[in-house]
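First comes the structure, then the notes that go with it.
The values are calculated or read from the model by the stated rules, or taken from the named source; none is laboratory data. Quick caveat: nothing in here was measured; it's all calculated off a predicted structure. Note that we place each Cβ from the backbone using ideal geometry, even for glycine, and neighbour counts take in every protein chain shown. Side chains are part of the model used for accessible areas, which takes the heavy atoms of the whole protein and leaves out ligands, DNA and RNA. Shrake-Rupley method; radii C 1.70, N 1.55, O 1.52, S 1.80 Å.
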Amino acid sequence: MFATQDTILKLLTLCALAHSITALALQEKSPAPGSAPLDPSQKYLIVRGESPSSSQEHVEFDNAATLLLRSFRNEQIPASKDLEECSAPSHKATFSGYDYVILLGMLVISLGIGIFYGFFQKGGSSSNEFLLGSEMSIFPVTLSLTTSFITAIELLGNPSEMYFQGTQFVLIVIPMVLVIPVAVKIFYPIYFKMELTSCYEYLGIRFGKEIRILGAVLYVIQMCFYTAVAVLAPAIALSKATGLDTKIAVILIYVVCVFYSSQGGMKAVVIADSFQAAVLAVSLVLIVGLGSFYSGTPIQVFQTAAEHNRLEFFNMDPNPTTRHTVWSVVIGGFFYWTSLFCTNQASVQKCMSLKSLRLAKIALGFAIIGLIAVFLLNFYTGLMVFTHYADCDPLTAGRISATDQLLPYYVINTYEHIYSVAGIFVAGIFAASLGTVASALNSLSAVTCEDLLVNGMNIKISPEKGATYAKWMSLGFGIASFGLVFIVEHLGGVLQATLTLNGLIGGVTLGLFVLGIACKQANTKGAFYGGLLSLALVIFVGVVAQIASVEQPALPTSIDKCDCRVNLTNVIGDLLTEPVEVIQEGGFTSWPIFRLSYMWYSMIGCLLTVFLGWLISLVIDFVQRRNVLKITSKGIDNPAVSEEIFKSDSQVQYTTTSTVTTTTAVTPDPLESTSDEGHVNHAIRIDDE
């Protein structure tokens, strides 16, 4: 039995605190005659007996001892008692009336777009027009594609990643560029040539009805949970930082999305996404522009990041369990973005709404360029926020309770005196959520109508009724996703598990497409059983990894220059009250496969699906060929062929119908050579041809 690394660090941290107290007390009481006073910078040497290093243990010791020394200094300074407690400030920045007006204005305009295309714009009476928008123009589709790939989770999570973990994740923009040739040269030419409404129609054409239904069901499960998390996670973060009620935020997003996606169809979704993309762009540029004045110029931002070891771009560690390296971010990210750009119905459906393949390629290329620009701005915002709080970390000080609250807290508090900035920022976050949910609802209705109802249940839907079915489907999925929000809310850790599940399912779906395109030998049974087996394996690995995972330790932060008093009782109390986890040595959760970086999940799901699907297809093909050889050989396991026929000199010919196989004796053709070995194997001849 042994304690986990986190438990050991907690115990050693408490030892560091105790030893620092003793050292400081000895220093203040009676220093040895002729000896120099104890240098606080040597507190780590006292505890560990070794030279400082960059290990996380050193960081934990250093932070803990710094907190304790600061508390003793504050007790010696009477003025410190006048400072307010960081975790309980007397004044909290909140939303103003101007902010609410801006946010509601954005929502009202989005609703107006749905009303216009749902009730006043002619068209949309058929399922094709409702789901594809009947040949839309390239500019709004490009903006809509860009917003589809940007979720509110990323807008809040990317800055906190830069702040607490460093810049290694910035390389995620490289696989975005690498995906462009794959999309425009391989996937989209196939979709346009087949004139598909749902990309899973390809799986049906290539493999059969079962694989098409499998792909559609996986997509429905994936997007229902993903939309719920994509709305709930930012709503919680915004509510903690701004005071905006979580339930109000969730209800507003769903009411607006469900209305304009179910009434206006693809046209309303694309036009609303274009407007929301403009709001998001204004929000990001405004925050970066103001930050250059209030938090630091770009030169100051990068200098501060370098001084605090935040700049990291070339971590070449080959260990796959390392969270972010060049290999995991670039290679793993390539599979993730390929699944998102090429086999996700939400993106494929928007590209298919354009007039031609050439326009789809242009739109996809510009959408990826726009996505890269947004991500880089978002990453820079994280470094800018770190420069602002380099000497007073709001998480350690107790101003916020979670990392995702960092950016909302920064905006609300730093720019409180500038009217409407907070409203524009929150409107941008809402815009990202609206774009994600609306695109998901429209694509879910397309998949349900085309793949599950028409193909799966053989329900005939006329083009006139198709739009009505799609509207009701969009409404139904909106209500279902809204209900999942309140289920996921009470499950805590399921939030991260759901996001991991999204990547795992996307990898398996991508694997089915790659199997069909690249493997000529793949057949229906191989794809079906290979896909199901791969899905079961990767979900098992992903779920166990989430349960057994150890949270990545953050890079060191400081509270040396806070203008408030840090409540050390709460900080130390958290260390004392956290449970000590004890695990058995040699448990299967300690296997390396359960420690893999989450960036590898999509690649594992894809490659495993391709390999198992190909292998099972070969096995099934071998078994079928062997059975054919048995049936067509002389009298071996073939009751349909009597011994009298083999005694005659006539050739055996088989006539096959749908239900009955008959055997007749015919006169041999003089042009065909006969052999004592038996009749010609027509099955193998046809297969060879």
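Quick notes on this structure:
- Accessible area (Å², 1.4 Å probe, nearest 10) - Trp614: 90 Å²
- Accessible surface of segment 347-433 [probe 1.4 Å, protein heavy atoms]: carbon and sulfur percent: 62 percent
- For segment 218-269, the per residue solvent-accessible surface stands at 26 Å², with DNA, RNA and ligands left out and a 1.4 Å probe.
- Counted by Cβ distance under 14 Å from Val229, the other residues give a net charge of -3, where Lys and Arg count +1 and Asp and Glu count -1.
- Spin-label proximity, Ala88 to segment 374-416 - amide N less than 19 Å from point 7 Å beyond Cα toward beta carbon: 395-401
- Projected label distance in nm at Phe293 and Met194, using a 7 Å step from Cα toward the beta-carbon: 5.4 nm
- Solvent-accessible area per residue for segment 367-464 (1.4 angstrom probe, square angstrom): 29 Å²
- Glu85 long-range amide H proximity, modeled H, under 5 Å: Arg565
- Environment charge of Arg212, counting only residues whose C-beta is closer than 13 Å and scoring Lys/Arg +1, Asp/Glu -1: -2
- Projected label points at Lys247 and Ile620, each 7 Å from Cα along the beta carbon direction, are separated by 5.0 nanometres.
- The calculated FRET efficiency for the pair Ile186 and Ala548, based on their C-beta separation and a Förster distance of 35 Å, comes to about 0.40.
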